[in-house]
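Participant: The following block contains the structure, expressed as structure tokens.
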Amino acid sequence: MRNKEFLLDLNPKRSPVRFIFSHSALREGWDNPNVFQICTLKKSSSEVRKRQEVGRGLRLCVNQDGERMDANILGNDVHSVNVLTVIASESYDSFAKALQSEIAEAVSNRPVAVTADLFKGKTISDIQGNKLLVDDKIAGFIYFDMVVNGYVDRNGSLTDKYYEDKANNSIKMSEEIDDYTVSIISIVDSIYDSRTMLPENARDKNVELQIDPDKLKMPEFKSLWEKISPKSIYIVDFDTKELIEKAISSLNRNLHVSKIFFKVETGEMNDIKSKDVLLEGGAFKKTISATYNSQRKIWVSNSVKYDLVGKLVAETGLTRKAIVDILVGIEKNVFDQFKNNPEEFIIKAGDLINDEKAIAIIQHITYEKLDECYDTDIFTEITIKGKLGTNAMKVRKHLYDYIVYDSINERDFAYDLDTNKDVAVYVKLPDRFYISTPVGKYTPDWAIAFSEGSVKHIYFVAETKSSKNSMQLRLIEESKIHCAREHFKAISNGNVIYDVIDNYQSLLEKVMR
């Protein structure tokens, strides 16, 4: 990213760079005004908003002399030169809907002039908290005061005098409505005025979690940690031959690989007429749609070679011999699907083999407790950051001063934990705390200590899901959850309860019985 000024040079000998592959520039705020095409190679993470992503290409471009190519220079051509093309890695409908929704969030339907109607029907409160519904007569009084005191001009716009008196806490109202001044100001401030549209510092809401040393020393947390910190080792004793046979049978029945095709949809957003148009999804206009498949000659480079056996070994953790036995055993028409779409074949075959492996694990795994334990430095030696109102909130009973949540369900669950008098302390477990399983490392969501005497089971380790219906969990995940149950049985002699829950009420049902 050095020597960025050379990107403006149109001479290919001096500036040969035409394509930039970026890992995080779109997220961190890379400033290059001459971005005309953005091609997203993978779906954006939840942290990267669509507006943020395309915003890197919405700056007015500059010429080789650094002059901004705006309407003063280009006139009517400004919009034909400053065009951003986004080649999205998702469907057109999905991209267009998400972008318009996010723009709509930032666009307010705000009144632009002060009139009596601005106040009519609003509820205002005096300094004692008494509420008053503003009718036509009172709305007229308020508007008259605004005009008489020089706060509103003949066009209904707020004057400099209004902002000066507001800054000095000296807004004047007639005696009848003086006690309601604060409420009236809040209504007046809903008027759109460019002088009030100061840039928002997005970093103001960034938080870095700080551990509470007092909670680390709490007897309840010490006792909880003593019971859940031991590590374990697992033993799986299943018949590999039986697994191979079941995997072959599953692949023959369930492996269906689609032929490669791609769909190209093109649309344009030339202007934004209103917030309503954005919310309705009407700002984007689809112009072209076409589907390309094998009949329309998709050319795939013959130089792309796939290590099918190696990829499936990596996907499943089985030996190369076991994978070869599975591939040799499946029907020819099933195996022939590989040439139609190698990537999808590998992914789907790996998933089906892992499903059979997960079933075998659930039936044959046991855990044994080790002498080794996790140390509390897994909490103190990590940095956790979040954004208030987006994925973080202030809490009281958590091991840290804030909590970073992954979903609305987690946020609501943490709120219930934090406000319940029976909960002594809780923590959202970091990735460094994990249980080893044959299908990968597994980290439960929560560790919770209840106050002694409040519930039957004081120590609880939880996995929160939006639905606890095990049929809706993938077999791999269900296998990990089964392994976690066996792990906690082995290390705690039944003193720690582990289960999958979907809300705080279901947690209470588990700890009370």
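The values are calculated or read from the model by the stated rules, or taken from the named source; none is laboratory data. Computed from a predicted model, the values in this text were never measured in an experiment. Glycine also receives a Cβ, built like all others from the backbone with ideal geometry; neighbour counts cover every protein chain displayed. Calculation scope for accessible area: heavy atoms of the full protein, side chains included, ligands and nucleic acids excluded. Shrake-Rupley method; radii C 1.70, N 1.55, O 1.52, S 1.80 Å.
Participant: Can you name the condition, by its number, that residue 40 falls short on among (1) under 30 Å from residue 408 (Cβ atoms); (2) modelled with pLDDT of 70 or more; (3) open to solvent by 50 Å² or more (accessible area, probe 1.4 Å)?
Facilitator: (3)
Participant: Follow-up question, since we're still on this one. Out of all the residues in the stretch 84-95, is one or more in a loop (DSSP other than H, G, I, E, B) and at pLDDT 75 or above? I'd like the intermediate steps shown before the answer.
Facilitator: Filtering the stretch 84-95 down to residues in a loop (DSSP other than H, G, I, E, B) leaves 84, 88-91.
Next, only the ones that are at pLDDT 75 or above stay: 84, 88.
Within the stretch 84-95, one or more residues are in a loop (DSSP other than H, G, I, E, B) and at pLDDT 75 or above.
Participant: Same structure, new question: How many residues are polar (S, T, N, Q) and within 21 Å of the chain's Cα centre (by Cα) when one looks only at the stretch 408-427? Show your work before the answer.
Facilitator: Filtering the stretch 408-427 down to residues polar (S, T, N, Q) leaves 409, 419-420.
Now restrict to residues that are within 21 Å of the chain's Cα centre (by Cα): 409.
Residues meeting the conditions: 1.
Participant: Pairs please, first residue from the stretch 438-458 and open to solvent by 30 Å² or more (accessible area, probe 1.4 Å), second anywhere and β-branched (Val, Ile, Thr) and assigned to a loop (DSSP other than H, G, I, E, B), Cβ atoms under 7 Å, 6+ apart in sequence or on different chains.
Facilitator: Going by the 7 Å Cβ cut-off, the qualifying pairs are 452/458.
Participant: Another question, if that's okay. Any residue that is closer than 30 Å to residue 479 by Cα and among the hydroxyl-bearing types (Ser, Thr, Tyr) - is there at least one of those in the stretch 385-396?
Facilitator: No, the conditions are met nowhere in the stretch 385-396.
Participant: When both residues are 6+ apart or on different chains and their Cβ atoms are under 7 Å apart, which pairs have a first residue that lies in the stretch 333-344 and is touching a residue at least 60 places away in the same chain (Cβ under 8 Å), and a second that is open to solvent by 50 Å² or more (accessible area, probe 1.4 Å)?
Facilitator: Listed by first residue and then by second, the contacts come to 340/259; 340/260; 341/258; 341/259; 341/260; 344/258.
Participant: Looking at residue 427, is it aliphatic (A, V, I, L, M) and more than 24 Å from residue 230 (Cβ to Cβ)?
Facilitator: Values: aliphatic (A, V, I, L, M): yes; more than 24 Å from residue 230 (Cβ to Cβ): no.
When the stated conditions are applied, residue 427 does not pass them.
Participant: Something else about it: Return the pairs, sorted by first residue and then second, in which the second residue is surrounded by 11 or more Cβ atoms within 10 Å (Cβ to Cβ), the first residue lies in the stretch 153-167 and is among the aromatic types (Phe, Trp, Tyr), the beta carbons are less than 6 Å apart, and the residues are 6+ apart or on different chains.
Facilitator: Hits for this filter: 162/151.
Participant: Still on this structure, I have one more. I'm checking my understanding of the structure. Among residues of the stretch 307-342 that are surrounded by 13 or more Cβ atoms within 10 Å (Cβ to Cβ) and of a type in the set (D, E, K, R), which one is farthest from the chain's Cα centre (by Cα)?
Facilitator: 325
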